[in-house]
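*Asks:* Right, I'll just put the structure down here and ask away after.
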Amino acid sequence: MTHIIHKDELPHSETAHRFEGHLNGGPDVSFFLIDSDRGGGPDLHTHPYAEVFVIEEGEVTFTAGDETIEAKAGQIVVVPAGVPHKYVNSGSGRAKHIDIHASGSMETEWLES
């Protein structure tokens, strides 16, 4: 059966909507829809699967392993499985991106708080 889900039906915070495939028809993918103010972003963490970031608006600075990556609207960042990473909205305005988890359920190990 085809599912149609409005983003406001998803669990959400002020800056992110969370879709997990196993809770929404079973696809083997999960994602966050992010819309954050300058300075927003998660602490250092890792996943047992790859994460793909599709930057739609703004500028985002990633730390992935030993790398610092400056990404902007129109770019895609791929962080391999097991690589510690974090990001921050480093632009002058809002940052909008889709953070795709290559798994039907999200698994996160937080490395700092």
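The values are calculated or read from the model by the stated rules, or taken from the named source; none is laboratory data. None of these values were measured; they are calculated from a predicted model. A quick note on method: Cβ atoms are made from the backbone with ideal geometry, for glycine too, and the neighbour counts reach across all protein chains shown. To get the accessible areas, we keep the full protein, side chains included, count just its heavy atoms, and leave off ligands, DNA and RNA. Shrake-Rupley method; radii C 1.70, N 1.55, O 1.52, S 1.80 Å.
*Asks:* Could you give the dipole magnitude of the chain about its Cα centre, charging the beta-carbon of Lys and Arg +1 and that of Asp and Glu -1, in debye to the nearest 20? Provide the component values of the computation, followed by the final result.
*Replies:* Details: 7 positive and 19 negative charges, 45 e Å.
Dipole of the chain, to the nearest 20 debye: 220 debye.
*Asks:* Would you mind computing the Rg to Rh ratio of the stretch 1-47 from its alpha-carbon coordinates, Kirkwood style for Rh? Mind showing how you got there, number by number?
*Replies:* Details: Rg = 12.6 Å, Rh = 12.2 Å.
Radius of gyration over Kirkwood radius for the stretch 1-47 works out to 1.03.
*Asks:* On to the next question. Keeping all protein chains in place, calculate the accessible area per residue for the stretch 18-63 (probe 1.4 angstrom), answer in Å².
*Replies:* On the way: 2090 Å² over 46 residues.
Heavy-atom SASA per residue in the stretch 18-63 reads 45 Å².
*Asks:* Could you look at the stretch 1-73 and say what percent of its accessible area is carbon and sulfur, using a 1.4 Å probe and all protein chains?
*Replies:* Values: 2240 of 4470 Å².
Carbon and sulfur: 50 percent of the exposed surface of the stretch 1-73.
*Asks:* Given 20 °C and 1.002 mPa s, how large is the Stokes-Einstein diffusion coefficient of the chain in µm²/s, with Rh as the Kirkwood radius over Cα pairs?
*Replies:* Working: Rh = 14.4 Å.
The estimated diffusion coefficient comes to 149 µm²/s.
*Asks:* Quick check: Cα centre of the stretch 15-52 to Cα centre of the stretch 73-113, how many Å?
*Replies:* 7 Å
*Asks:* Which FRET efficiency, nearest 0.05, do Lys7 and Asp66 yield, Cβ-Cβ r, R0 25 Å? Spell out each step's value before the answer.
*Replies:* Details: r = 35 Å, r/R0 = 1.39.
Between Lys7 and Asp66 the formula returns 0.10.
*Asks:* Here's something else I'd like to know. Express in nm, to one decimal, how much length is gained between Leu44 and His22 on full extension, taking 0.36 nm for each residue of separation and deducting their alpha carbon distance. Walk me through the numbers on the way to the answer.
*Replies:* Working: separation 22, 0.36 × 22 = 7.92 nm, distance 2.49 nm.
Here the answer is 5.4 nm.
*Asks:* Can you compute the charge dipole magnitude of the stretch 51-100 about its Cα centre, using +1 on each Lys and Arg Cβ and -1 on each Asp and Glu Cβ, nothing else charged? Give it in debye, rounded to the nearest 20.
*Replies:* In debye, rounded to 20, the stretch 51-100 gives about 140.
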